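Worksheet: the structure to be examined is printed underneath.
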Amino acid sequence: ISGLQYIPAGYQIGFSRVLDNIGYQSQSATVPLTSNGSACSAVVESDSPWLTIVGSNVIPAGGSVQYSVPENIGSPRAGNLILQSSNCNATLGGQVLMVAQAGLVCAPTFATASTSIGFLQSVFSVNVQNTASVCPWSATSAVPWLTLSSPASGTGNGSVTVIAGSNTNSSLRSGALSLNSGSNFTVRQDGAG
């Protein structure tokens, strides 16, 4: 070896972890920054509109950054918090914190697929199920002789009250209710006589 030159790496600052996996609910979390120099500070920014920094985004050495996310009623999503420093080097591998948020896909369904009723006017309820309390749904009737007498929309599990008009024809008829999720409920009504 004819010569050796040593250049210190200098002070560094970075996220203490590189990934946060969180649920679909609205929440906030805190991530500490690690540093080997007390004079270090960092500016943290988000690259996604749904990923928000709470409080100041200028974080001193030994401090923490807090972020918040709203409910995610949809597909899973990911965003990044990005750290930059003007007075210290960003720790290799610690400049970016990925926040992966699970999604909640709302898929309400009718509790049963169909019912059969007599030819006289009938009033009955149809249950809506398999959906989280934050998931909205709405029901509609495809035929004029089936009307919805209670609120035809809601959130979470619920029910819809249906009035079926009298069938004055001698033949069997059928109609359907639909949810905005695509789930259908068939009503078969006897003919008069």
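The values are calculated or read from the model by the stated rules, or taken from the named source; none is laboratory data. All values derive from a computational prediction rather than experimental measurement. To get the accessible areas, we keep the full protein, side chains included, count just its heavy atoms, and leave off ligands, DNA and RNA. Shrake-Rupley method; radii C 1.70, N 1.55, O 1.52, S 1.80 Å.
A few remarks follow.
- Gain on full stretching of the segment that runs from S28 to D190 - 0.36 nm per residue minus C-alpha separation: 52.7 nm
- Calculated from backbone phi, Karplus (6.51, -1.76, 1.60) coupling profile of the stretch 149-159 in Hz, x at Gly/Pro: 9, 10, x, 8, 8, x, 10, x, 5, x, 8
- Residues whose amide H falls under 5 Å from that of S159, counting only those 5 or more places apart or on a different chain, are V128, with hydrogens built in the peptide plane.
- The stretch 112-132 and the stretch 135-193: distance between their alpha carbon centers, rounded to Å: 7 Å
- GNM top mover of L172, L104, L19 - the chain, alpha-carbon springs below 10 Å: L172
- On a per residue basis, the stretch 20-171 carries 50 Å² of accessible surface, using protein heavy atoms and a 1.4 Å probe.
- Protein accessible area in the chain, 1.4 Å probe - carbon and sulfur %: 52 percent
- Whole-Å semi-axes of the stretch 41-139's equivalent ellipsoid (Cα gyration tensor): 51, 11, 8
- For the stretch 37-46, 3J(HN,Hα) per residue [Karplus equation, 6.51 cos²θ - 1.76 cosθ + 1.60, θ = phi - 60°, Hz, x = Gly/Pro]: x, 6, 8, 6, 8, 9, 10, 10, 10, 9
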